[in-house]
Structures are given as C-alpha cells and as structure tokens.
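What follows is a short report on a single structure.
The values are calculated or read from the model by the stated rules, or taken from the named source; none is laboratory data. Because the structure is a prediction, the values reported are computed rather than measured. Cβ coordinates were reconstructed from backbone atoms using ideal geometry, including for glycine residues, and neighbour counts include every protein chain displayed.
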Amino acid sequence: MLMEITGSLSVIGYGLAALGPGIGVAMIFAAVINGTARQPEARSAMMGTAIFGFAIVEALAILGFVLALIK
Amino acid sequence: MTSGWIPMDGGGFTPPSTEDFNFSGLMNGAAWLNKPMLQLVISVILIAVVFVWGSRNLQIVPGKRQWTFEFLYDYIRNTVGRDVIGRDYQKWMPLLFPMFLLIIVNNWFGEFFYFMFPTFSNIGYVYGLVILVFVLFIGVGIKAHGIAYFKLATAPADVPKLLWIIIIPLEILSTFVVRPVTLSVRLFANMFAGHMSVLVFIGGGTYLLTYANNILFNVSGGLSWVLGMAIIGLELFIGYLQAYVFTILTAQYIASSINVGH
C-alpha cells in the first residue's frame, strides 16, 4: 500500500459545518455587489455593515474549525 | 520536518501535521527565542525603519516616496477610521494603522523567502493582539459611559422587559465571549490552514516528483507544484484580507463601545 489515509472524522464534520457559512457569506457579498451596481456612491456605507455581517456569519465556520481540531 | 518527503530516504509519505508549526529555540538557554518570535521582532523593526524613512522631510507637494506612504495611510484612514468610527477617528489611527501593518507583514512572511512561515499561525501571537483589543473596547466603553456600560451593552432599553431573560445572556455571550474568540481564531485559522495547504501541495508534490520509476507520479507531482504556487498567490490575498478584517473589526468594536445602546 502506497499511502494510508488516516485522520479524524471530525474534519468531515467541519466540512459540513462550513457549508452554511459559505452560503451566508456569498449572500452578503452578492447583496453588496447588487447594491454597488445600483448605487455606486453608497458602497463605503454598505461595506462596513457587510464586513460586520460577514464576521458574524463566519463565526459559525470558525467554531466548526475549533471543534474539528478537538479530538 | 523534511524527513519522509523524499522516497529514496525510505519509508512512506508523512503528511504535514501540527508538528510542523512547532519550533525549538534558536539559541541554547533561550527557548523562547524561536522562529515566530524572531519574525515578530524583525517585523516591528522593519515597519518602524521603513515608516520613519517614509515620513522624513514631508512637503506640501508630495514626491513619489511621500505619495506612496500617504496612499497607504489614507487607505486605512478613509475606509477604516472615517467610515467605521466616524467622529473623532483621528485619535484611534495610531492604533489601527500599525495594527494593520503588523498583521499584514507577519502574514506575508508566510510567502517570503527565508521566513516562509506566517507568524500568526501560532495562536499565542494572536491572543496577544486580541487581549489588547478586548481590554481596549471594554475600557473605552467604561470611560465613555462609566459602569453603566455593562448594562447598556447587555440590556437594550427599547426591548420589552420580558425579553431581557433571553436577550441578556445572549448579549453577554456575544459581546464578551464570542467576539474575542472569533477575532483570534479567525486570523489563526486562516493562516494555519493556508500554510498547511501550502505544505500539502509542495511537500506532497516533492514526494511524487522524486518517486522512482513512475512517470505518472512525477507528472502529477509537477502539477501539484504548479497548483502550490497558485495557492501561495491566494495566500498573499488572504493575508491582506485578514489583516484588513482584523483592523476593521477592531474599529467596529471600539465604535460600538462608544455608541453603545444606539
């Protein structure tokens, strides 16, 4: 046998946990792109809220990452 | 770290692990002086020297050098300071701009010759920064509102009293637990995972490329190196993005402590 795959099953759980935040982050920035296309001068105002929302949504993925490392 | 990456050495492939992120001391009797610590010291000296040089004899009509440094400063001042903190943002710039520089330089060390290791993929270094931010935004809130800051931050006044049973624990959790945890783990996890994927592609590629008498393995090893270079390019972008997000969240937390309850 050339290579043996070993590891923790919780990493697969992290992969699943990253799905939701992935969709959430995509929706946030899709809304920002839409808004910028409609009203370019409002970009900076939207960007602050978007980054903050992105940080909150991404928290779930980050918690998943931590739990994946805990065996 | 390099053992097991060349097939002729004998033995199978050892995938990169968290062991690759541990460094022993560079000098005898000084175990604390390891590679990440040295990188952090070098980055501070580098930033200080470059920016002292960049801000020498300033003129009203800027030259090329002054224009470049003003462009860098204006980028953080306008998008982080003015847009996020708003009024009285000037007094926070001495914190925000060096914080951005420190994080971006240390992240880019992961792609830089001689260093090739992002300092903040060791979580202890991130904890240092986050403790500073955590103490700072609570301190700013107490300075602006006195001890009532904790009440304003955890019990919004315009919510029905009955809902406070749910809101107060949630707000305590989100402000004083989730904020510092996510702020530290976000930077750490991005740097750690990025460096790990570079190790997988370059290390695994080396193993396949040097495998004897198997042309398919050698070709796929070469392809893996090409993809590894692309990932290094992606890492440069992520290093910038995480530095920017960390700075903008610091500004956001400070702003939310000043304007708490609004």
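When residues of segment A:57-71 are filtered for being more than 10 Å from every other protein chain (Cβ to nearest Cβ), under 15 Å from A:Leu19 (Cα atoms) and of a type in the set (D, E, K, R), how many remain?
Looking only at that region, the number is 0.
Which number in (1) of a type in the set (Val, Ile, Thr); (2) part of a helix (DSSP H, G or I); (3) within 14 Å of chain B (Cβ to nearest Cβ) marks the one condition that A:Ile33 misses?
Tallying (1) of a type in the set (Val, Ile, Thr); (2) part of a helix (DSSP H, G or I); (3) within 14 Å of chain B (Cβ to nearest Cβ), A:Ile33 fails exactly one: (3).
Would you check which residues across segment B:205-240 are at pLDDT 90 or above, within 14 Å of another protein chain (Cβ to nearest Cβ) and exposed (fewer than 14 other Cβ atoms within 10 Å of the Cβ) and list them?
Of everything in segment B:205-240, just one residue is at pLDDT 90 or above, within 14 Å of another protein chain (Cβ to nearest Cβ) and exposed (fewer than 14 other Cβ atoms within 10 Å of the Cβ), namely B:Leu216.
Working carefully through the options B:Gln90, B:Gln39, B:Gln66, B:Gln59, find the one that is surrounded by 15 or more Cβ atoms within 10 Å (Cβ to Cβ), farther than 30 Å from B:Gly205 by Cα and away from every other protein chain (no Cβ under 14 Å). Talk me through it step by step, then tell me what you get.
Values: B:Gln90 fails: surrounded by 15 or more Cβ atoms within 10 Å (Cβ to Cβ); B:Gln39 fails: farther than 30 Å from B:Gly205 by Cα; B:Gln59 fails: surrounded by 15 or more Cβ atoms within 10 Å (Cβ to Cβ).
B:Gln66 is the lone residue from the list that is surrounded by 15 or more Cβ atoms within 10 Å (Cβ to Cβ), farther than 30 Å from B:Gly205 by Cα and away from every other protein chain (no Cβ under 14 Å).
Looking only at segment A:37-56, which residues are more than 9 Å from chain B (Cβ to nearest Cβ) and either at pLDDT below 85 or more than 19 Å from B:Ala251 (Cβ to Cβ) (or both)?
Just the residues of segment A:37-56 that are more than 9 Å from chain B (Cβ to nearest Cβ), to begin with: A:37-43, A:46, A:49-50, A:53.
Matches in segment A:37-56: A:Ala37, A:Arg38, A:Gln39, A:Pro40, A:Glu41, A:Ala42, A:Thr49.
Identify, by number, the condition in (1) within 12 Å of chain B (Cβ to nearest Cβ); (2) closer than 18 Å to B:Gln242 by Cβ; (3) not polar (S, T, N, Q) that A:Ile28 doesn't meet.
Every listed condition holds for A:Ile28 apart from (1).
Looking only at residues that are modelled with pLDDT under 90 and in a loop (DSSP other than H, G, I, E, B) in segment B:118-158, which one is nearest to B:Ile172 (Cα to Cα)?
B:Ala155
Checking the condition closer than 30 Å to B:Val80 by Cα, more than 10 Å from chain A (Cβ to nearest Cβ) and crowded, with 16+ Cβ neighbours inside 10 Å, which residue from B:Ile168, B:Ile172, B:Ile202, B:Ile258 passes?
Details: B:Ile168 fails: crowded, with 16+ Cβ neighbours inside 10 Å; B:Ile172 fails: crowded, with 16+ Cβ neighbours inside 10 Å; B:Ile202 fails: closer than 30 Å to B:Val80 by Cα.
When all the criteria are applied, what remains is B:Ile258.
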